[in-house]
Amino acid sequence: MTVTTAPAMVELQGVSKRYADVDALHPVDLTIAKGEFVTLLGPSGSGKSTLLNLIAGMVAPSSGRIVIDGRDATTLPTNQRGLGMVFQNYALMPHMTVFENIAFPLQVRKVPKAEIRRRVGAVLDLIQLGHVANRRPRELSGGQQQRISLARCIVYNPALILMDEPLGALDKKLREQMQLEIKRLHAELGITMLYVTHDQDEALTMSDRIVLMNGGRIEQQGTPDTLYFRPETVFSAEFIGSSNLLAGTLEAGPDGAPVLRTALGTFPVPAPDRPIERGAKAMLLVRPENMTLQRGGDTVHVTGRIEDSILLGGVVRHFVRCADGSTIIVQELNQPGRVDAERGHEVAAGWLPQHGRLLPAPPAG
Amino acid sequence: MNELFGSSRAARRITSTLAWLCYLFLLVPSLIVIPISFGNPGQIEFPPRQLTLDLYRQFFTDPAWWGSMVQSLLVAVATTLLTLLLAVPAAYALARSRLPGRRGLQGLFMMPMLVPVIVLGLGLYLQFSSWGLLDTTAGIILAHIMLTTPYIMVSVLSGLKHSDIALETVAAIMGASRVTIFFRVVLPQLKAAIAVGALFAFLMSLDEVVVAYFLTGTQTMTLPVKMFSSIRWELTPVLAAVSTLLTVLSLLIALGIIALQRKTEASS
């Protein structure tokens, strides 16, 4: 959990949303600090879009209080919340030129004409699209349109910029460029951003803090590092990064240290963050890049047969089929002259006990 | 289609001949007046033995004809403008608000389309006579607004269905008020739909005869009513010239509508 010292830009206190008899969002507490880049990450239907719409004022909460920039905004209409938003489909006005699109929020705020011209010019320079000022959005590429839509937010300096899957319509390469561009603008301008995505890589790349949502609740929140290396639940572990999970029962080892008895053997495990009862079901998480293929060693390992090895460029992924039918993924750095074990060959996949992480077993059902 | 139903040449020829026959059946009565209108002013004849513009001269010099044409144009323009003022905001409100009884209201707006025009004419006649609106230009305009409202509503509602609601959302987030959103975001997107509806309304009002026959008198007679009574009382060949003028006008407006619809399809 991060301790935020900066003043809060957005504060949700017990905010929930219920439709007929479906809880789209269970009561949630969330604080976003000034200048922070927070990502709402989760599968579809996890409540992240509902949360965004609640902050934007497009739906009214069933309970709780929403404070934006020190002002109670719970019942404030959308157009008085002082927010900005970037949509997946850009939502640029087709009947206006690029210049007019960016000028629109300033005109709404009755900014004098000369200043509008100056400020629109400045943001167009910032996103390096000054040369398309007089074109219509339709004539631009997807990436350019999304940059315009971002500029349209930046130009009037809103308290918070909401981004709803803004890069979902772009191809992979452009998406990566745009991720860096958004990060750059965030760092240069110190804007507070709330970013919604279902793409874990995007969340890891961009965020100061990730809020992982699941089933209308906040599953876990923290820095990308925390979520990646210290997931608290099996859902967190599986949603972010790839993971090897060994299910078993927690027991005390010969020296009193905790061990996990699994179908593939008994392994020493580090102490969990939240105590788990001895004799309870638990799961051991080991990230694929923390495992190595070895031909017999004295570290902790499971044995199995190589099923496949695939090349991902900088890394190689080995799939090891174990005796109980489960598959363990081992990821190693690629090197010139690498020799893979043959398919069907017996190998041991080992890890350092301190690289494992003990998680409570997910609730049944 | 051809693959499904056999593509023999004979079959294709028969279908296209049939289609052309249908077009001719529909078009000939309108087209036949065109040559007649350039004929002898003395009598109605087809084909005309000499080509003159005498009938047009008669039309434009006889104040009874010319006046009713001006009256019709005045009524049609006023009807169109006033209907737009009423129907465009109404359609927007119906499409975007969560007004209780929205469906019922929408049905109410469409009613004039479903009630037989003759019944409407009779009802308006009885109502307007007690209000002193018979034989007034305001009365006929009011009646035509009623008739044309559903058409503009339908056109604008379908335009709204195609417009992107995210644009209105984003405008609201940027701080725009409902009024600003309506004029600067919604209206520009509805331009084509409004134009199509307006042309329809103009055309409907221009050649509407049943209700106008009930409500107008000698002071306020519109062109279709004048034509109708002229058929009954004098049967002058000037009718051919008037019909030709109306046909050409309708054709131009129809072409305008088609062009606008093409444009909207291309842009969306």
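No value in this document is a laboratory result; all are computed from the given coordinates. On a predicted model such as this, the values are computed, not experimentally measured, just so you know. Note that each Cβ is placed from the backbone with ideal geometry, even for glycine, and that neighbours are counted across all protein chains shown.
Okay, here's what the table says:
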{"item": "Proxy reagent accessibility, fewest Cβ within 10 Å first, across A:Lys173, A:Lys183", "result": "A:Lys173, A:Lys183"}
{"item": "In sequence order, calculated HN-Hα J values of the stretch A:201-211 (Karplus, 6.51, -1.76, 1.60; Hz; x Gly/Pro)", "result": "5, 4, 4, 5, 5, 9, 7, 6, 9, 10, 10"}
{"item": "Amide H partners (placed H, <5 Å) of A:Ser63, local residues excluded", "result": "A:Ser16"}
{"item": "Long-range HN-HN contacts of A:His95 with modeled amide H, under 5 Å", "result": "none"}
{"item": "Rough spin-label spacing in nm, given labels placed 7 Å along Cα→Cβ, for A:Ala271 and A:His131", "result": "6.3"}
{"item": "Partners for A:Lys113 among aspartates and glutamates (Cα-Cα distance below 18 Å; same-chain residues under 8 apart left out)", "result": "A:Glu100"}
{"item": "Cα long-axis angle, helix A:113-126 against chain A (0 to 90 degrees, to the nearest 10)", "result": "30"}
{"item": "Pairwise label distance in nanometres, A:His355 with B:Ile32, each label 7 Å out on the Cα-Cβ vector", "result": "9.5"}
{"item": "For B:158-171, mean number of other protein chain Cβ atoms within 10 Å", "result": "4"}
{"item": "Neighbourhood charge, 13 Å Cβ-Cβ cut-off, centred on A:Pro362 and excluding it, Lys, Arg +1 and Asp, Glu -1", "result": "-2"}
{"item": "Förster radius 22 Å - calculated FRET efficiency between B:Arg262 and B:Thr17, Cβ distance, rounded to 0.05", "result": "0.20"}
{"item": "Estimated vicinal HN-Hα couplings, Hz - the stretch A:146-161 in sequence order (Karplus 6.51, -1.76, 1.60; Gly, Pro = x)", "result": "5, 5, 4, 5, 5, 4, 4, 7, 4, 4, 10, 6, x, 4, 8, 9"}
{"item": "Potential extension, A:Ala323-A:Arg278 segment - 0.36 nm per residue separation minus Cα distance", "result": "13.6 nm"}
{"item": "Karplus (6.51, -1.76, 1.60) ³J(HN,Hα), θ = phi - 60°, over the stretch A:305-310, in Hz, Gly and Pro reported as x", "result": "10, 4, 9, 6, 10, 10"}
{"item": "Tilt relative to chain A, helix A:172-189 - C-alpha long axis, 0 to 90 degrees, to 10", "result": "60"}
{"item": "Pair A:Ala187, A:Arg117: separation of 7 Å Cα→Cβ label points (nm)", "result": "3.5"}
{"item": "Sorted by Cβ density within 10 Å, fewest first, the residues A:Trp351, B:Trp131", "result": "B:Trp131, A:Trp351"}
{"item": "Degrees between helix B:9-31 axis and first principal axis of chain B (Cα, 0 to 90, nearest 10)", "result": "70"}
{"item": "Sorted by Cβ neighbour density within 10 Å, fewest at the top, the residues A:Glu332, A:Glu346", "result": "A:Glu346, A:Glu332"}
